[in-house]
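Just so you know, all these numbers are worked out from the coordinates, no wet-lab data involved. Not measured: the values here are computed from a predicted model. Please note: Cβ atoms are built from the backbone with ideal geometry, for glycine as well, and neighbour counts cover all protein chains shown.
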Amino acid sequence: MQETTVFCYRVSLSSTEWAKASDARRAAGDLWTRLVKIHRFCRRRHWRWPTEAQLKAHFKRRFPLHSQTVQALIEKFCATIDGVRTKRKHGDKQARYPWRFRRYFNPIFKGQALKMAGPHLLLPRGRGRDPIRAHLPELPDGQVVQAELGFGEIYLTVAREMPDPGPVSSSKAGGLDIGVIHLGMVSDGDEALAVSGRGLRSVKQGRAKAQAKLRKKRRRTKPGSRRRKRLNRARHRASHKVERVMRNALHHAANQIVAFCLAYGITILYAGDLGTLNYKTRHRRSRRTNQDIGALEFGRFEQYLEYKLRRYGIQLVQISEAYTSQTCPQCGHLTKMAGRTYRCRACGYRAHRDGVGAVNILNKGMHGEIRPGALLVPPRITYRRPVPLKGTLRRSCG
């Protein structure tokens, strides 16, 4: 079984290599902007959208980029157009075609055009132009499919052969409730694991406060001044720092949930479908709740979980989580709670609120509905933190 994984590397480029990278990212932005303009022109006149082959032939040798980079960007744009068109056909009228003009865009380099010169990765820029030399500590095992050049970062997509997990010997199920206070509460009915999300929320709040202070200072500067440029660099550094901390913590949290599933033999994991947290219900929530939900990246967390579970043959099934945190698992009475402890007003049942959501999701996934008395919250819940974040919070937002 073959699996693709994306590795992110921070790179430190010299002034010469940085100028090359900036030129490549600017040329990629010009190409993307040109594609957006052509698509907008065709849609306004109800003309047929050109095919990939026609676009590749039209833009051949028109930008200071490698030919395969131009082809990769065109393929990415066309795939985005097809995805939006499919969503609109299925009733999602809010799906929007690419509309923003890009000054910079991440160029994509296909694996067959990449070369290594010692510890340096050579990113080609086309015939007659020197490649971009990026120093990498080491390459991961597997075949490099493509590389994407960002702002001081390189994203490598690597394809690796994964061992076949083999036939599933049992069909034990588990339930997963994803939230803000706890990133994930997973339970199989007998044991439960809670992965805390308070540290990540604090990091996001600290980043927001630090950015607000920098914006306040920036408003007192003149455009183009050295002080404004220093403040802009400080904003980017703080944002990138929090991004790396967030990605690392989400990976660790997903690993802890996968380890729980392996330890207790879970082969099917039912998770609440967070697609219901959309704009249609946004006006029903408070401003603080909207900020908490918008700050944490539930979609990325689900992606990490899905591919990590797939490595071990564990299936992730998303079901509706409507009323799972309000329904009493013992009597079925609906009780909406504001704290972390669930107290049923009908039968007096008390348990962890997120634990109630996890066992109800498991109950609903197994039986198609929440059957009162079938599953209760385990009396013992293990609490874990993804990674130590106290020092990280002070360094990234101080």
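For the chain, the residue among ILE181, ILE268, PRO372 whose Cα projects farthest onto the positive side of the dipole built from Cβ charges is ILE181. When the GluC sites (Glu not before Pro) in the range 61-158 are filtered for DSSP coil states and for at most 13 other beta-carbon atoms within 10 Å of their beta-carbon, the remaining sites are GLU138. When each of THR341, THR157 is scored by the number of other beta-carbon atoms lying within 10 Å, the sequence from fewest to most is THR341, THR157. Axis of helix 67-89 versus longest Cα principal axis of the chain: the two differ by about 40°, to the nearest ten degrees. Counting beta carbons within 10 Å around each of ASP177, ASP141, ASP82, ASP30 and listing the fewest first gives the order ASP141, ASP82, ASP30, ASP177.
Relative to the longest principal axis of the Cα atoms of the chain, the long axis of helix 353-367 makes an angle of roughly 90 degrees. By the rule of a C-alpha distance below 23 Å, with chain neighbours fewer than 8 residues away ignored, the lysines paired with LYS241 are LYS204, LYS209, LYS213, LYS216, LYS217, LYS229, LYS390.
Each Lys and Arg Cβ is given +1 and each Asp and Glu Cβ -1; about its Cα centre, the chain then shows a dipole of about 3840 debye.
Using DSSP to define loop residues, name the chymotrypsin sites (Phe, Trp or Tyr not before Pro) in the range 5-84 whose beta-carbon has at most 14 other beta-carbon atoms within 10 Å. Don't jump to the answer; show the numbers that get you there.
Working: sites: PHE7, TYR9, TRP18, TRP32, PHE41, TRP47, PHE59, PHE77; in loops: TRP47, PHE59.
Taking the range 5-84 and a limit of 14 other Cβ atoms within 10 Å, the loop chymotrypsin sites (Phe, Trp or Tyr not before Pro) found are TRP47.
Of the beta bridges in the chain, as assigned by DSSP with both residues counted there, near 75 percent are antiparallel. Computed from point charges on the beta carbon alone (+1 for Lys and Arg, -1 for Asp and Glu), the dipole magnitude for the range 26-160 about its Cα centre is near 1100 Debye. Entry note, the chain: the mean residue ellipticity at 222 nm calculated from DSSP H runs of n ≥ 4, each adding -39500 (n - 2.57), is -14000 deg cm²/dmol after division by the residues and rounding to the nearest 500. Fewest neighbouring Cβ atoms within 10 Å first, the residues ARG219, ARG343 line up as ARG219, ARG343. Between the alpha-carbon centres of the range 319-375 and the range 16-64 there is a gap of 52 Å.
Only Lys, Arg, Asp and Glu count, each charged at its Cβ (+1, +1, -1, -1), so figure out the dipole size of the range 127-213 about its Cα centre, rounded to 20 debye.
In total the dipole reaches around 820 debye.
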